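S.K.: Sharing a structure, written as structure tokens. Questions coming.
Readers should treat all values here as calculations from the given coordinates under stated rules, not as data from a laboratory. Just so you know, these numbers come straight off a predicted model, no measurement behind them. Positions of Cβ are backbone-derived with ideal geometry, glycine not excepted, and every protein chain shown enters the neighbour counts.
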Amino acid sequence: MRLGCVAKRLIWEISVYEDLSWLLKFGSTAKLLDEADAKVSVFDHGLLYGDGVFEGIRVYDGKVFELEAHLRRLYESTKVIRLEISLDKSKLVAAIKKTVEANSIVDGYIRLVVTRGAGTLGLNPFICKDSTLIIIADKIQPYPKEVYETGMKVISATTIRNHPLAIGPQLKSLNYLNNIMAKIEALDSGVPEAIMYNHEGYVAEATVDNIFIVWDGVIFTPPVETGSLEGITRNLIINLSKQENLEVIEKNLTRFDLYVCDEFFLTGTAAEVIGIIEIDGRTVGDGKPGPITKRLKEKFFEYVRSPSK
Ligand SMILES: Cc1ncc(COP(=O)(O)O)c(C=O)c1O
């Protein structure tokens, strides 16, 4: 909330640095802090080594959307990197809701970050006594406003997505540097987003979104094993497509497929559903978001705003 009203941008931060009194001390309980007072130690391993994980979550009509699915993915990530969240799940949920309320977010976005916490120099994660938890509730608009209606142009990035057998994209870690490099390639080319391929040249995902194409009325998306995050929006779009009696096939896609498809769209918590109208100078379909894209986008918004959600 950058309305010249920074004081309202409240953040929960939980961290215990009890026997490191020369560092910042926040106490042992969750605190709602003004942005200016929410500080992280320079010895936090999230900052020093990217040692941490995160989730991006939407708020629609004042309700936290798909919180269970996001928490499940968060806990899977923390399990893999052996990181304990310094708050039990029910308190975490309460803190998330409280942060949303305190910031008066009706439609917005939550960034939930868990880092290894403050330690000493050196990689050893177990030197860090307690993890740091940050909850930010704010607004987000990842792409220029007009492209949501008219569709977006993208390029193919030369930077590849993480090798699925290294730190696979399933682990939603704080390390986004290859995605950032791809984003730089996009911005240098004058477009807002880049498509990333995997180590074998198959389509993986965009820098913060999953990919779908439509060809002859059938929807295709790369399997997550190819090297993409198992997006919560992706899963929702697959389910909505099935409800609409549209066939969805998970299959490896090539750059050729993206060049010749009839429709192309991206999905993500922040981006929601966004049509792609050009890739690497090739027009997609007739250069406008296609009918299936539009239909699914409509169904998506109906779903997220339905009273039972
Ligand atoms: C790399 C990447 N791919 C895909 C997505 C979309 O996932 P979701 O729909 O769960 O937001 C994200 C979202 O953060 C992402 O960072």
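S.K.: Pop the C-beta distance of Ser104 and Glu146 into the FRET formula with R0 = 30 Å and round what comes out to the nearest 0.05.
M.R.: Details: r = 27 Å, r/R0 = 0.90.
The computed FRET efficiency comes out at 0.65.
S.K.: Would you please give the FRET efficiency between Phe256 and Glu76, computed as 1/(1 + (r/R0)^6) with r the Cβ-Cβ distance and R0 = 25 Å, to the nearest 0.05? Intermediate values should be presented prior to the final figure.
M.R.: On the way: r = 34 Å, r/R0 = 1.35.
That pair, Phe256 with Glu76, gives E of 0.15.
S.K.: Quick one: of Lys97/Lys172; Lys91/Lys309; Lys153/Lys288; Lys79/Lys139, which pairs are farther than 18 Å apart, Cα to Cα?
M.R.: Lys97/Lys172; Lys91/Lys309; Lys79/Lys139
S.K.: Can you give me the long-range amide H partners of Leu33? Hydrogens built in the peptide plane at 1.01 Å from N, cutoff under 5 Å, separation of 5 or more residues or another chain.
M.R.: The list, which skips near neighbours in sequence, is Ile11, Trp12, Glu13.
S.K.: Normalised by the residues of the chain, what does the relative contact order come to in percent, with Cα pairs under 8 Å and at least six apart?
M.R.: After rounding, I find 16 percent.
S.K.: What residue among Leu171, Leu74, Leu240 shows peak mean-square fluctuation when the chain is described by a Gaussian network model with Cα springs under 10 Å?
M.R.: Leu240
S.K.: Take the Cα of Val42, step 7 Å along the line toward its Cβ, and report every residue of region 118-141 whose backbone nitrogen sits under 18 Å from that point.
M.R.: Hits in region 118-141 for Val42 at 18 Å: 118-123.
S.K.: Okay, moving on. Measure nothing fancy, just the Cα-based angle from helix 232-243's long axis to the longest principal axis of the chain, in degrees from 0 to 90, nearest 10.
M.R.: 40 degrees
S.K.: Let me ask something else. How far, in nm, would the chain grow between Asn245 and Val93 when pulled straight, counting 0.36 nm per residue and subtracting the alpha carbon separation?
M.R.: Here the segment from Asn245 to Val93 would lengthen by 51.2 nm.
S.K.: Right, another one. Rounded to whole Å, give me the distance from the Cα center of region 51-115 to that of region 175-228.
M.R.: Using only Cα atoms to place each centre, the spacing works out to 25 Å.
S.K.: Next up: For Gly285, what is the net charge nearby, where nearby means another residue's Cβ is under 9 Å from its Cβ and Lys, Arg count +1, Asp, Glu -1?
M.R.: Charge balance in the 9 Å sphere: -2.
S.K.: I would also like to ask the following. For Phe264, enumerate residues with amide H under 5 Å from its amide H, sequence gap 5+ or separate chain, H modeled in the peptide plane.
M.R.: Val214, Ile276, Gly290
S.K.: As a check on your grasp of the helix formula, calculate [θ] at 222 nm for the chain: sum -39500 (n - 2.57) over DSSP H runs of n ≥ 4, divide by the residue count, round to the nearest 500.
M.R.: Estimated from H runs of four or more residues: -7500 deg cm²/dmol.
S.K.: Could I ask something else about it? With the Cα gyration tensor of the chain giving a ≥ b ≥ c as the square roots of its eigenvalues, does the rule (a/c under 1.5 for rounded; else a/b larger than b/c for prolate; else oblate) give rounded, prolate or oblate? Don't skip to the answer; put the middle values down first.
M.R.: Details: a/c = 2.05, a/b = 1.61, b/c = 1.27.
Verdict is prolate for the chain.
S.K.: How high is the relative contact order of region 147-304, in percent, with contacts defined as C-alpha pairs under 8 Å that are six or more residues apart?
M.R.: Value for region 147-304: 24 percent.
S.K.: Taking only Cα atoms, what is the 0 to 90° angle, nearest 10, from helix 67-80's long axis to the longest principal axis of the chain?
M.R.: Its long axis makes an angle of about 70 degrees.
S.K.: Would you please give the FRET efficiency between Glu68 and Asn178, computed as 1/(1 + (r/R0)^6) with r the Cβ-Cβ distance and R0 = 30 Å, to the nearest 0.05?
M.R.: 0.55
S.K.: Report, in whole Å, the centroid distance computed from the Cα atoms of region 265-288 and region 124-160.
M.R.: Answer, in whole Å: 18.
S.K.: Moving on. If one takes the longest principal axis of the Cα atoms in the chain, at what angle in degrees, from 0 to 90 and to the nearest 10, does the Cα axis of helix 291-304 lie?
M.R.: So the helix axis and the longest Cα principal axis differ by about 30 degrees.
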